[in-house]
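Shown next, in structure tokens, is the structure this report addresses.
Just so it is clear, none of the values below were taken in a lab; they were calculated from the coordinates. What you see is a predicted model; the values in this text were computed from it and never measured. All Cβ positions, even for glycine, are placed from backbone atoms using ideal geometry, and neighbour counts span all protein chains on display.
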Amino acid sequence: MSVTAVVGAQWGDEGKGRVVDLLAQESDVVVRFGGGNNAGHTVVNEHGTFRLHLLPSGVFNPRAWNVIGAGCVIDPGALLTEMAEVRKEGATLERFLVSERAHVVMPYHLALDGLDEDRRSGSGAAIGTTRKGIGPCYSDKAARLGVQMGDLLDRDHLAARVRAVTALKNAVITRIYEGEPFDPEQLIETLWEQGRQLDGHIGDTLPVVQDALARDARILLEGQLGALRDLDWGTYPYVTSSYPTAGGAASGAGIPPHRITRVIGVAKAYTTAVGAGPFPAELHDDDGMKLREVGGEYGATTGRPRRCGWFDALAVRHSAMLNGFTSICLTKLDVLDDFESIGVCTGYRVNGEVLDRVPLARLMERAEPVLETHAGWRTSTREARTEADLPAAARAYVHRLEELSRVPIEFVSVGAEREAMVVRS
Ligand code: GDP
Ligand code: IMO
Ligand code: MG
């Protein structure tokens, strides 16, 4: 019996999709538990290279159920496009279910995400969101103004709900932003049509998940983003609007917390972030550029260049505490193959004091990194499959990150492909 959560230990894009794709081969149910198509999870397998935004990264295992849980927010048009794409490449989607409780990202959420960001940019306070409507959708969910996926299957209910909510949203869009209002009748038509196309894939996901628990099946919970973008514990306000931790996994997937047996934190061997906010270990020099180019660090969803820096031990320790990692999968070690020396951030110097834990964003913004330097190994690790295959300096580096994170590093990824993984004993 196992329920494994795979969650991001940094600011997102750690390689969760790659890890979930690998573990999904041995899973019966894969659940996306939070977020929406702000995520971009890259999977490289025998079918090709895919950037999955909404679909769980287990869709390429035809034996597994793939579930989008109640904690997610869904742009139905984006979901249909993605479903068509993976079907073309051989995924059957016969066992794919979206929670009727998940919320719909409405066209006005997309518009408001852009309008809010533009307004914040004007006052120098932009968050750098993906503009996929995520924040406005979760705001409406909390304000009890949301439309749920199950609403798409009942035309009368959908129409009444959309008319009521769109009137409020239009008031904000036209009177505050002087933007164009949305025609509720057109929204109803589009959503009804999308609901019909998704019929058979929208339903109560609880029986699938709970039956799997009851028969001790293997369940995989796929996180999005990372703990540093968590709404409660991230670098607020430079966060997303959901809970990308193991706690969020329990709630968003509908799994009792004590049934989660394994929490794998995915951490890059260095750090990246997209969007604004404090990032003390960020590099603005040639090493930062090199990490970006060698690591291909461009957003899978927006194409934005990712900000790059050295491994931040405080950030990963923070995530480990919040998530209770049972182990870490360290990814992209191979990206460091050609560095003469490699830095690791072990403290934040703020106002003359050295902190060893993540403070509020306003203090983190002023932090200078305390760095230790490691010798590089200047040789390829891409063919390594056991720890003994790694050069001594790489082994020492991994060992030091393990010590600083206070969590065993169980896997070391040395390439994007399924087989490019070192399993440590
Ligand atoms: P996610 O959002 O956490 O799933 O990660 P992304 O897919 O956004 O970003 C990770 C990127 O790194 C993708 O392009 C992966 O194909 C790639 N990747 C994952 N693991 C490795 C690795 O060990 N080495 C290299 N070179 N690339 C990797
Ligand atoms: P995966 O799952 C990296 C970032 C945005 C922004 C902040 C809020 O692929 O790791 P939002 O659109 O969610 O309101 O933006 O979160 N962000 C991501 N960064 N990877 C992602 O997903 C992200 N999803 C959102 O850049 O800083
Ligand atoms: Mg990503």
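Between the residues SER251, GLY35, VAL335, the greatest Cα displacement towards the positive end of the dipole of the chain, with unit charges on the Cβ of Lys, Arg, Asp and Glu, is found for SER251.
Going from the alpha-carbon gyration tensor of region 1-92, what semi-axes, largest first and in whole Å, does one get by taking the root of 5 times each eigenvalue?
Three semi-axes, in Å: 17, 16, 14.
Highest mean first, the peptides 245-255, 276-286, 180-190, 108-118 sorted by other C-beta atoms within 10 Å per residue fall in the order 245-255, 108-118, 276-286, 180-190. Comparing LEU330, LEU221, LEU363 in a Gaussian network model of the chain (Cα springs below 10 Å), the most mobile by mean-square fluctuation is LEU363.
Placing +1 on each Lys and Arg Cβ and -1 on each Asp and Glu Cβ, with no other charges, gives region 267-423 a dipole about its Cα centre of roughly 480 debye. Here the contact order of the chain, divided by its residue count and restricted to Cα pairs under 8 Å and six or more residues apart, works out to 20 percent. Given +1 at the Cβ of Lys and Arg, -1 at the Cβ of Asp and Glu and no other charges, the dipole of the chain around its Cα centre is 620 debye to the nearest 20.
Counting other Cβ atoms within 10 Å as a rough exposure proxy, the listed residues MET421, MET106 run MET421, MET106 from fewest neighbours to most.
Pairs from the list LYS132/LYS169; LYS132/LYS268; LYS141/LYS169 with a Cα-Cα gap above 23 Å: LYS132/LYS268. The trypsin sites (Lys or Arg not before Pro) of region 214-275 meeting both criteria, a DSSP state outside H, G, I, E and B (loop) and at most 15 other C-beta atoms within 10 angstrom of the site's C-beta, are ARG215. Maximal additional length on extending the HIS258-ALA164 stretch stands at 29.9 nm, based on 0.36 nm per residue less the C-alpha distance. When all alpha carbon pairs of the chain are counted in 10 Å bins from zero, the resulting P(r) reads 5, 22, 31, 25, 13, 4, 0 %.
Each of THR81, ALA212, TRP11 was scored by the projection of its Cα onto the charge dipole of the chain, and the greatest displacement toward the positive side belongs to ALA212; charges sit on the C-beta of Lys, Arg, Asp and Glu.
Between 0 and 90 degrees, rounded to the nearest ten: what's the tilt of helix 313-323 against the longest Cα principal axis of the chain? In the chain, helix 313-323 runs at an angle near 50 degrees to the longest axis.
Any idea what the dipole of region 103-198 comes to, in debye rounded to 20, about its Cα centre with Lys/Arg Cβ at +1 and Asp/Glu Cβ at -1?
So the magnitude is around 300 debye.
Tell me whether region 306-366 comes out rounded, prolate or oblate; compute the Cα gyration tensor, take square roots of the eigenvalues as a ≥ b ≥ c, and use a/c under 1.5 as the rounded threshold. It comes out oblate by the Cα gyration axes.
Go ahead and set up a Gaussian network model of the chain, Cα springs under 10 Å, then flag whichever of ILE134, ILE219, ILE173 fluctuates most. Ranking ILE134, ILE219, ILE173 by mean-square fluctuation puts ILE173 first. Angle of helix 392-405 to the longest C-alpha principal axis of the chain, folded into 0 to 90 degrees and rounded to 10: 60°.
Net charge of the neighbourhood of GLN197, taken over other residues with C-beta under 14 Å away and scored Lys/Arg +1, Asp/Glu -1, is -3. GNM on the chain, alpha-carbon springs under 10 angstrom: the most fluctuating residue among VAL239, VAL350, VAL209 is VAL350. Put simply, the amide H of PHE96, placed in the peptide plane, has neighbours under 5 Å in ASN66, leaving out anything fewer than 5 places away on its chain. When the alpha carbon gyration tensor of region 331-384 is reduced to an equivalent ellipsoid, the three semi-axes, largest first, read 31, 12, 7 Å.
Coupling constants for region 11-22 follow from the phi torsions by the Karplus curve (6.51 cos²θ - 1.76 cosθ + 1.60, θ = phi - 60°), and in residue order they are 9, x, 6, 7, x, 4, x, 5, 6, 5, 4, 5 Hz; glycine and proline get x. Ranking ILE173, GLN197, ALA416 by Cα position along the charge dipole of the chain, where only Lys, Arg, Asp and Glu carry charges on their C-beta atoms, puts ILE173 farthest toward the positive end.
Compute the Rg/Rh shape ratio of region 254-333: radius of gyration over Kirkwood radius, all on alpha-carbon atoms. That ratio equals 1.04. For SER139 and GLU383, the difference between the fully extended length at 0.36 nm per residue and the C-alpha to C-alpha distance is 83.2 nm. With R₀ fixed at 41 Å, the C-beta to C-beta distance from TYR177 to LYS290 puts the FRET efficiency at about 0.50. Seen against the Cα atoms of the chain and their longest principal axis, helix 76-88 is set at about 60 degrees. The residues packed around THR174, meaning those with a beta-carbon under 14 Å from its beta-carbon, carry a net charge of -1 if Lys and Arg are +1 and Asp and Glu are -1.
Counting Lys and Arg as +1 and Asp and Glu as -1 over every other residue whose Cβ lies under 13 Å from the Cβ of GLN25, the net charge comes to -1.
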